[in-house]
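Structure, as structure tokens:
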Amino acid sequence: MQPTPGLRTATVWRSAELSEECRGHRTDSRRHHRGGIVRGRHENGLTVFWGIPFAEPPVGSLRFAAPPPVRRWEGTRVTFVFGPPPPQEPLSPAIPTPAPGGEDWLTVNVRTPDPDPATRRPVMVWIYGRAYTFGSVDDPAYDAGRLARDGNLVVVTFNHRVGMEGFARIEGAPANRGLLDHVAALTWVRENITAFGGDPGRSPCSANQPAPGPSPLCRRCRAHEACSGGPSHRACPAPSSPTSWPPTSPPPWRASSGYGPR
């Protein structure tokens, strides 16, 4: 007899927990936020929470729609693995696309030195670029662990719709749905990051931009401030991925004119 899908899922998650315990990782970090309870793990001096939904999956009747807020779930959601990448076409034969793994594309990932809400550390929201046509936060080049540790920051990354799903002009559908995903993720940060040790009032967002100066990132961060009425999400275009910021260099927002914490 075949196991039921629910039993199989529970077995997979329990296997992941035992594997972490065998490697010496504690797996007892639970956080309460607006979506429900999430369970993270401790890794290399950080507490990490991967694959937290910030919006409902954009499938079925929600395909090509603006991202609706995620519904609250019951129980504890184990957040040990990244959410699946958004659908995308290969950029070239030499660059394979990420393997699909489900429909929960719109998820955030949090790396924090300490999830205690009283710590209220600065928050860096990092957005991958890739010309809005492909990309996924599980790319090893986007590992922001060192940035979080050496900068004493809470670092947030997230997946968003790209290519046709996020930017094709479709009659009756909102334009630039991928950018609406960005706004939804920034709203999630403003409403929930305190539960992970972050300060929503000090949360610059950064993206893989070719050079400092005016950019879609700057415009959408300011649009988010205007639309949400919340604290400012300051923008600092970054010419590379988080892994390439050496610990001996100042954080990128300190060198960008007019943006970032002072």
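Every read-out reported here was derived from the displayed coordinates using simple, explicitly stated rules and does not represent laboratory data. Computed from a predicted structure; not experimentally measured. In this analysis, Cβ positions are derived from the backbone assuming ideal geometry, glycine residues included, and neighbour counts consider all displayed protein chains.
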Quiz item: Taking H as built 1.01 Å from N, whose amide H comes closer than 5 Å to the amide H of residue 199, not counting residues under 5 places away?
Solution: 121, 123
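Based on DSSP, what percent of beta bridges with both residues in segment 102-207 are antiparallel, to the nearest 5?
About 35 percent, rounded to the nearest 5.
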Quiz item: How big is segment 54-207 on each of its three principal axes, counting only the C-alpha atoms and giving the largest first in Å?
Solution: 46, 36, 28
Quiz item: Taking H as built 1.01 Å from N, whose amide H comes closer than 5 Å to the amide H of residue 108, not counting residues under 5 places away?
Solution: 51, 52, 54
Quiz item: For segment 113-191, what number results from the quotient of the Cα radius of gyration and 2.2 N^0.38 Å?
Solution: 1.29
Exercise. Just rank 73, 105, fewest to most, by other beta-carbon atoms within 10 angstrom.
Key: 73, 105
